[in-house]
1. Counting only residues that are in contact (Cβ under 8 Å) with a residue 24 or more places away in the chain and either under 22 Å from Leu165 (Cβ atoms) or part of a loop (DSSP other than H, G, I, E, B) (or both), how many does segment 137-149 have?
2. In segment 153-169, is there at least one residue being in contact with a helix residue (DSSP H, G or I) (Cβ under 8 Å, 6 or more places away or on another chain), crowded, with 16+ Cβ neighbours inside 10 Å, of a type in the set (D, E, K, R) and in a loop (DSSP other than H, G, I, E, B)?
3. Here's a check for you: in segment 73-108, which residue that is over 18 Å from Ser204 (Cβ atoms) and hydrophobic (A, V, I, L, M, F, W, C) is modelled with the lowest pLDDT?
4. Are any residues in segment 1-39 in contact (Cβ under 8 Å) with a residue 12 or more places away in the chain and among the hydrophobic types (A, V, I, L, M, F, W, C), and if so, which ones?
5. May I ask you to verify whether Gly139 is outside the structural domain of Trp15 (by TED's automatic domain parsing) and closer than 30 Å to Gly56 by Cβ?
6. Residues that are of a type in the set (A, V, I, L, M, F, W, C), surrounded by 10 or more Cβ atoms within 10 Å (Cβ to Cβ) and closer than 26 Å to Asn17 by Cα: does segment 176-192 have at least one?
7. Of the conditions (1) surrounded by 15 or more Cβ atoms within 10 Å (Cβ to Cβ); (2) in contact with a Lys or Arg (Cβ under 9 Å, 6 or more places away or on another chain); (3) farther than 29 Å from Gln7 by Cα, Leu126 fails just one. Which one is it?
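The values are calculated or read from the model by the stated rules, or taken from the named source; none is laboratory data. What you see is a predicted model; the values in this text were computed from it and never measured. Reconstructed Cβ throughout: ideal geometry from the backbone, glycine too, with neighbour counts over all protein chains shown.
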Amino acid sequence: MTKDDIQLLYEYDRWANNRVLRAVSTLSAEQFTRDLGGSFRSVRDTLVHIIGGERGWLAYWKEPSHSSTFLTDLRERRDALFNPDAFPSLGRNQKYTHGEVGSIMIARHWRGWTAAEGADAYERLLKDKVLPSLRDIEGYKGGYILRSDGPRDVEFVIINLFDSLEAVKRFAGPDYTVPVFEPEARRLLCKFEPVAMHYEVRASAV
């Protein structure tokens, strides 16, 4: 199995988990915890099982030495931390799925420059058309427009946040490092970076 294979499986796992959470979010509290008589009783218990398993595997992969003491402690901590009764609501499940266990957001960073006389028009295009259109893309998490006026031209830094590289590809296509332009933007830009950079968001104070 190659690194790309593992990345593909990881992206699929996150996609599937997000689909499940979106479906479950429509359930009432009674439906969420109702005993359905299955292996894990309720929808809530099934989600807790999935999250506990992912947490366990993540800890296992991070541990350099898998001693019997480590494995016993891992099972005990999993059983104590992921007792279904500790998850009365979907919100707490989502905290573990998107927070401690799950996702690292992707920040897409790109720069372009306009002549001074075209800067306001380009800014309006970004604010009124480009950013709002991104909200329809599954996995898009918001963005920022940064502007710095120089003596000859105006620099724009565009930072868009996505919940995965797959979401970036839904926006930019398979060759996702290639910048994406509106036709109007091409007319306004006097120069631009030929490659969009992508970074994992490791921390935020926002």
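1. Here the count works out to 5.
2. Among the residues of segment 153-169, at least one is in contact with a helix residue (DSSP H, G or I) (Cβ under 8 Å, 6 or more places away or on another chain), crowded, with 16+ Cβ neighbours inside 10 Å, of a type in the set (D, E, K, R) and in a loop (DSSP other than H, G, I, E, B), which makes the answer yes.
3. In this case the residue turns out to be Leu90.
4. Selection gives Trp15, Val20, Leu21, Val24, Leu27, Ala29, Phe32.
5. Considered against the rule, which asks whether it is outside the structural domain of Trp15 (by TED's automatic domain parsing) and closer than 30 Å to Gly56 by Cβ, Gly139 comes out as yes.
6. The answer is no; no qualifying residue exists.
7. The failed condition is (2).
To keep it simple, each residue is scored yes or no on (1) surrounded by 13 or more Cβ atoms within 10 Å (Cβ to Cβ); (2) touching a Gly at 6+ places or on another chain (Cβ under 6 Å); (3) outside the structural domain of Leu165 (by TED's automatic domain parsing); (4) in a helix (DSSP H, G or I).
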{"residue": "Gln7", "(1), (2), (3), (4)": "no, no, yes, yes"}
{"residue": "Tyr12", "(1), (2), (3), (4)": "no, no, yes, yes"}
{"residue": "Leu47", "(1), (2), (3), (4)": "yes, no, yes, yes"}
{"residue": "Gly56", "(1), (2), (3), (4)": "yes, no, yes, yes"}
{"residue": "Pro64", "(1), (2), (3), (4)": "no, no, yes, no"}
{"residue": "Arg75", "(1), (2), (3), (4)": "no, no, yes, yes"}
